[in-house]
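Contents: one structure, followed by commentary.
Every number in this text was worked out from the coordinates using simple rules, so none of it is lab data. In this text, all values refer to a predicted model and were calculated from it rather than measured experimentally. With ideal geometry, Cβ positions are generated from the backbone for all residues, glycine too; neighbour counts draw on all protein chains shown.
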């Protein structure tokens, strides 16, 4: 792609599609034409891009003529049908759905983490399909990957606090609509989610494997992390929970390293990591929140501390006021386990931004 | 107390105080007179109890004359000043604040867990002050204590999803008011909480210890669990997060036992446990939620599954679709670590109900 590529967005009217448009504009992504596709239902709508109105076109099997890069975010069924057609027509597909993520030969890429997965392909500039990982996985791996390089990772226990945007614009609309209804005394009517979402939270709305008890979201976090890190043995226990937040995911992480680290070493590693911003002010009690992360490119990281359950516990009386308060850790003591809390914009780094960053790798 | 006791509620107009009144009524708690106290500001208000109006009286140093049982829920400062006066006047104080929880000789009681802590006192019927544990601790220990008896507990990693009610009626009002403001396009104005709470979540609003990085809520969960279990060595790593939910706390728990258990054994243990209700329907994706727990006495328990990070990981290729999906666990395989998700009403079992249950123990 020595000349400027022609870019397409498939699913341009969805929450992620609209964010892709915003990210392309904000990053001044160099391209020739930009074509926007959506279903018949949404076609004809007009959006503004770089100061000009653009009309959404209906997606057809002939839409990919002379497209160089096609960003897909219209669900797995659309990707399964249209992505191979786009590749056959000569496009490189960057697919935000889960359709191809675990396929052999399809790179699953977080640019800060494993851009090298693209370089390993026979023709890195024409790789066919590149998969964008699941939002929860991306947000987890941006801060954990540099820690893995520095200290090795033995085990991860992670609980998520996932926004309604993970279910798209209709998920966000349901949260707002139900909340309005509840505040006016009406009963919420769940449609997108299987549980009421206003002032409520619930186990992630993907099917649960009867054999393992893991839901699909949790399975993705395990499988995709193993693929991205090329480490089939990494041990991960995820619990995925949907919370009444609009567009940023948070994750409470307990991580055990293979080699001990001090708190300062962990902090320095994260401070230097691409795509990470430390928000960790203990004195002011200011840490990552989904509101702070919304609209931001970085994954916010805070509540960084040695895991109080990982060190030898001091042998003192339970009944004494002083004993349990005594700190088993200090800044200089090396430790194998740490806790941290992160927030990242699900629509940006969790989806649209990561996809555009992959497109930028194609141009390098 | 062979005759019916006279009962007082201190802080009767607060969120917990009102719930104490409801619980006394619903459980037909046998008492002679019931006296309701609050600050000067709230005194004079009228509430209904057992079909009759009752007037809130201002709390004074002479309020405890002929009170047998005083339920305190008006904050630590009020407890520190008035609870010793109540004891001197002959009352038994059941204190919902944190003022005396870690004091030697003050039992810290969850009736389903350690009622015996009261029996160990010199005069169990006149114990002076009995402390009600922190809400997050109570809700954690109701399901974990029977598992501890059955299998021993080595380590707990817990992330909380805590309701606004933990900050009282004013916390709930702030969540509703801010949410209304945001939905109408206005900016939220944080007063009770240090972060915006509408469609947001944040690290718990208690001070963070600069030495350990733990906030006060997390410290309470560690210290109180050790005292209630009389086990100064139990290893706990808590992360406490406030979520935009009104009145029930949820907790995502990873627990490591001392002795291996099968999933069925864990399930049977919890099914037989007092104060626990299993809500664990994998096929229908129905699990505990704060809405389901609101107004309920039981702690709801679900998402019960063997921890996928605790078993030997199968040595297979990452790139294969089949490999990462293969389940390392089945129902009959013993395992040391399990994951579960729980929800419990913060105002009931987390506060008012537990206090009234302690009062019921005094009558036995």
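Counting other Cβ atoms within 10 Å as a rough exposure proxy, the listed residues B:360, B:19, B:52 run B:52, B:360, B:19 from fewest neighbours to most. Neighbour counts of C-beta atoms inside 10 Å place A:180, B:35 in the sequence A:180, B:35, starting with the fewest. Other chains near A:334-340: what is the mean number of their Cβ atoms within 10 Å of each residue's Cβ? So the per-residue partner count for this stretch is 2. Summary of the geometry: region B:187-225 and region A:239-269, compared by the centres of their Cα atoms, lie 17 Å apart.
Ranked from shortest, the separations from the 7 Å Cα-to-Cβ label point of residue A:260 to its equivalents in the other copies are 3.0 nm. Could you give P(r) for region B:86-162, binned at 5 Å from zero, as whole percent values over all Cα-Cα pairs? Pair shares across the bins are 3, 14, 21, 22, 17, 12, 6, 3, 1. Peptide packing: for B:333-339, A:201-207, the average count of neighbouring Cβ atoms within 10 Å per residue gives the ranking A:201-207, B:333-339, highest mean first. Starting from the label point of residue A:84 at 7 Å along Cα→Cβ, the same points in the other copies fall at 8.0 nm, in ascending order. Over all alpha-carbon pairs in chain A, figure out the percentage whose distance exceeds 30 Å. When every Cα pair of chain A is considered, 41 percent fall beyond 30 Å.
Averaged over the residues of B:204-216, the number of partner chain Cβ atoms lying within 10 Å of the residue Cβ comes to 6. Residue order for B:343, A:98, A:184, A:165, fewest other beta carbons within 10 angstrom first, comes to A:184, A:98, A:165, B:343. The mean number of partner chain beta-carbon atoms within 10 angstrom of a residue's beta-carbon across peptide B:192-199 is 4.
By definition, a body whose alpha carbon gyration tensor gives a ≥ b ≥ c is oblate when a/c is 1.5 or more and a/b is not larger than b/c, and region B:1-94 fits this oblate description.
Computed over the protein assembly as shown, the P(r) tail beyond 32 angstrom holds 54 percent of alpha carbon pairs. Rg ratio for region B:139-223: its Cα radius of gyration over 2.2 N^0.38 Å, N being its residue count, equals 1.40. Adding -39500 (n - 2.57) for every DSSP H run of four residues or longer, then dividing by how many residues chain B holds, sets the calculated 222 nm ellipticity at -8500 deg cm²/dmol. Annotation for residue B:40, label-to-label distances across the other copies: 7.4 nm (shortest first, one decimal, point 7 Å from Cα along Cα→Cβ). Let me know the shape class of region B:196-283, please: from the alpha-carbon gyration tensor, a ≥ b ≥ c as square roots of the eigenvalues, rounded when a/c is under 1.5, otherwise prolate if a/b is greater than b/c, or oblate. Oblate, because a/c is 1.5 or more while a/b does not exceed b/c. Using C-alpha pairs below 8 Å separated by at least 6 residues, the relative contact order for region B:1-119 is 22 percent.
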